[in-house]
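The values are calculated or read from the model by the stated rules, or taken from the named source; none is laboratory data. Everything quoted here is computed from the prediction, not taken from an experiment. Neighbour counts are summed over all protein chains in view; Cβ atoms, including those assigned to glycine, are modelled from backbone coordinates with ideal geometry.
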Amino acid sequence: MTDDLTEIQARQAEFVAERDWEEYHRPKNLAMAISVEASELVELYQWRESELSAACRENEELREATREELADILCYTLSLADQLNIDLGTATVEKIEANSERYPADDPPSPME
Ligand SMILES: [Mg+2]
């Protein structure tokens, strides 16, 4: 188990290379795959009556299905980053920093605005 994104990205690249899937893992295909997996995530919640976080967290089957779709999304995201030589860890930290400046903690806008 690792929490180092660079190491996980390398493992995903190794998984793809071992199966000679690089020719399929073109940026367009990977962008589409991310969208498909995100849609599978949305589908899990599509017709649920309760949107309460507590109810979703207590549903172990839903939690496990969500876990799997999030991992699918991340695998394709890491492959796309790899194909384009993007350091996703650095890009993500930079995005969080940009969001921190855009949405100051002492005056955060409502997510509904
Ligand atoms: Mg999936």
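Give the residue, chosen from E64, E49, E40, that is surrounded by 12 or more Cβ atoms within 10 Å (Cβ to Cβ) and either in a loop (DSSP other than H, G, I, E, B) or among the charged types (D, E, K, R) (or both). Spell out the reasoning first.
Values: E64 fails: surrounded by 12 or more Cβ atoms within 10 Å (Cβ to Cβ); E49 fails: surrounded by 12 or more Cβ atoms within 10 Å (Cβ to Cβ).
The conditions single out E40.
To keep it simple, each residue is scored yes or no on (1) aliphatic (A, V, I, L, M); (2) in contact with a helix residue (DSSP H, G or I) (Cβ under 8 Å, 6 or more places away or on another chain); (3) within 14 Å of the ligand (Cβ to nearest atom).
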site	(1), (2), (3)
R57	no, yes, no
A65	yes, yes, yes
D82	no, yes, no
T90	no, no, no
I96	yes, no, no
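Hey, E23 hits all of (1) loosely packed, with under 11 Cβ neighbours inside 10 Å; (2) of a type outside the set (S, T, N, Q); (3) within 15 Å of the ligand (Cβ to nearest atom); (4) at pLDDT below 95 but one; which does it fall short on? In the conditions (1) loosely packed, with under 11 Cβ neighbours inside 10 Å; (2) of a type outside the set (S, T, N, Q); (3) within 15 Å of the ligand (Cβ to nearest atom); (4) at pLDDT below 95, E23 misses (3) alone.
Would you mind telling me which numbered condition in (1) at pLDDT 90 or above; (2) assigned to a helix (DSSP H, G or I) A54 fails? It fails just one condition, (1).
Being surrounded by 12 or more Cβ atoms within 10 Å (Cβ to Cβ), not hydrophobic (A, V, I, L, M, F, W, C) and not in a loop (DSSP other than H, G, I, E, B), is that true of even one residue in the stretch 85-95? The answer is yes; a qualifying residue exists.
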